[in-house]
1. Assuming 0.36 nm per residue, please report the length gained on full extension of the stretch Ser406 to Thr160 beyond their Cα-Cα distance.
2. So for each of 131-142, 235-246 I average, over its residues, the number of other beta carbons within 10 Å; can you give me the resulting order with the highest mean first?
3. May I ask you to compute the full-extension gain from Lys243 to Ala451, defined as 0.36 nm times their residue separation minus their alpha-carbon distance, rounded to one decimal in nm?
4. What list of ³J(HN,Hα) values in whole Hz, one per residue of region 35-51 in order, does the Karplus curve 6.51 cos²θ - 1.76 cosθ + 1.60 (θ = phi - 60°) give from phi, with Gly and Pro shown as x?
5. Kirkwood Rh over Cα pairs of region 369-462 into Stokes-Einstein at 4 °C, 1.567 mPa s: D in µm²/s?
6. Please state the relative contact order of region 369-462 as a whole percent: Cα pairs under 8 Å, 6+ residues apart?
7. Using a ≥ b ≥ c from the Cα gyration tensor of region 332-421 (square roots of the eigenvalues), is it rounded, prolate or oblate, where a/c under 1.5 gives rounded and otherwise the larger of a/b and b/c decides, a/b for prolate?
8. At what distance in nm do the modelled label points of Glu209 and Leu387 sit from each other, each positioned 7 Å from its Cα along Cα→Cβ?
Amino acid sequence: MNKKTEQDIMEKLVSLCKQRGFIFPSSEIYGGLQGFWDFGPLGVELKNNIKKSWWKRFVQMRSDVVGLDSTIITNPTVWEKSGHIGGFSDKLVECKKCHHRFKADDFTSNAKCPDCKGEFTGERNFNTMFKTFVGPVENSSTTAYLRPETAQNIFVNFDTVRAAMRTKIPFGIAQIGKSFRNEITPGNFIFRSREFEQMELEYFVNPKEDKKWFEEWVNQSMQWFIDLGIDKNNLRKYEQKGKELAHYAKETIDIEYNFPFSSHGACPPVLWHGRRGSASGGDKGFAELMGISNRTDHDLKAHGFTYKDEVTKEEFIPYVIEPSVGVERAALAFLLDAYTEIEGGRTTTTDSNKEKEVVLKLHKDLAPYKVAILPLSKKENLTELALEIYDSLKSKHMVMYDQVASIGRRYRRQDEIGTPYCVTVDFDSLEDKAVTVRDRDTMEQERISIAELAKYINKKLES
Ligand code: ATP
């Protein structure tokens, strides 16, 4: 893909996401706020589906993992002990003339301000945690932080969860929830935002078995993306080395996705994680989608926990293997991978069908709507039957009802938002009590009896 095409794809995707109700800039009528995004009617479905799939795979299907939903604001001691108050920072430089601030890592030492060509100050640390105050008094004793990761609340609940669930090592605690980072340079659409959701799992192991479990979680994580339809060729593992590793990590592997942009200019904290820029030095496109870290006993030790094996009587501080992924960053990878343009259209029967068509080939589990019910005409007897069919499917699936515009235009609208199946109700349906089901990817059409439709759709969506 050349640079222009790559840029094009991002622009097209951003525009599709806005027009079709996936993602909008937050508070846009007031000019928006950089690094904040709202998820529209389709976006919220996509995000929920991503979260549901992750939870099912890594909590519901596993007897060794339990869930948690903890608060965003905690006692600030959590962040003191974890090292975030001292260390969760980026290096920034400020222009002496216009006072605009930039992430130091994006510039060489002799660079000038891109806004006014003024000189930069020296680098200084900038803590990227958002601050707030708890209660009516605003002073240092009431200062609290919005969590920059969901992990710490899992660690501080280590004993309470263990006692309640009688879990024994190895076991994991999973959490999905909002995290906040005052990123100096948010950007690349939803790749790097200031408010986002994370899906994190802290898997507690005997330190002697850390290697085995680390490999296991890298493989499991990779497989989840592949099973949800991401092209293997757009994924790769990148092992962090030397200074790239966070101070707490013994080993970290990033699962990278081949994004259509360089990650330069959209970088993560420098002091906290040493490595920046495009993932492996100049290989534009591949950038971190998720990280799997061996956090050792750093966190449990910091919060003062130990563990005693009831059988062997061995006492130790468990090591933690952490697979961590952002919901929005995953959504961006799924959307980019699914976005397909078909030059000249997929059918050639009429001129209008020869236009370029867009098909969002999302995995069925991720598609915001699973089925669209399309009556061929707005005549009352047809809409009545179509609405009956809609009602018969909606308790199990997200179903869209659309009777506006030509059937060709309606098919294309559904293709663009990734709906796997369109059900057309035509005048024959009144006689033969059957409908036509069209498959988004193959465009094959099958005549199915209305009595069998729910079973047919359920089977298709489960396969
Ligand atoms: P990056 O290197 O891209 O900044 P990180 O190494 O700081 O990420 P972690 O702290 O390991 O990220 O967080 C785990 C995951 O959370 C990342 O792999 C990514 O999917 C997601 N994530 C982190 N920061 C952001 C952000 N600002 N916006 C969206 N998602 C994010």
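No lab work stands behind these numbers, since they all come straight from the coordinates. Remember, it's a predicted structure, so these values are computed and weren't measured experimentally. For neighbour counting, all protein chains shown are included, and Cβ atoms are generated from backbone atoms with ideal geometry for every residue, glycine included.
1. Working: separation 246, 0.36 × 246 = 88.56 nm, distance 5.86 nm.
Between Ser406 and Thr160, full extension yields an extra 82.7 nm.
2. On the way: 131-142: 10.0, 235-246: 15.0.
The packing order, highest mean first, is 235-246, 131-142.
3. Numbers: separation 208, 0.36 × 208 = 74.88 nm, distance 6.30 nm.
Taking Lys243 through Ala451 to full extension adds about 68.6 nm, to one decimal.
4. Whole-Hz 3J(HN,Hα) from phi for region 35-51: x, 10, 9, 9, 9, x, x, 7, x, 5, 5, 4, 4, 4, 5, 4, 5.
5. On the way: Rh = 12.9 Å.
The Stokes-Einstein estimate is 100 µm²/s.
6. Details: 143 pairs, mean separation 27.3, N = 94.
RCO, region 369-462: 29 percent.
7. Details: a/c = 3.62, a/b = 1.23, b/c = 2.94.
Taking the square roots of the gyration eigenvalues as a ≥ b ≥ c, region 332-421 is oblate.
8. Result: 5.8 nm between the two label points.
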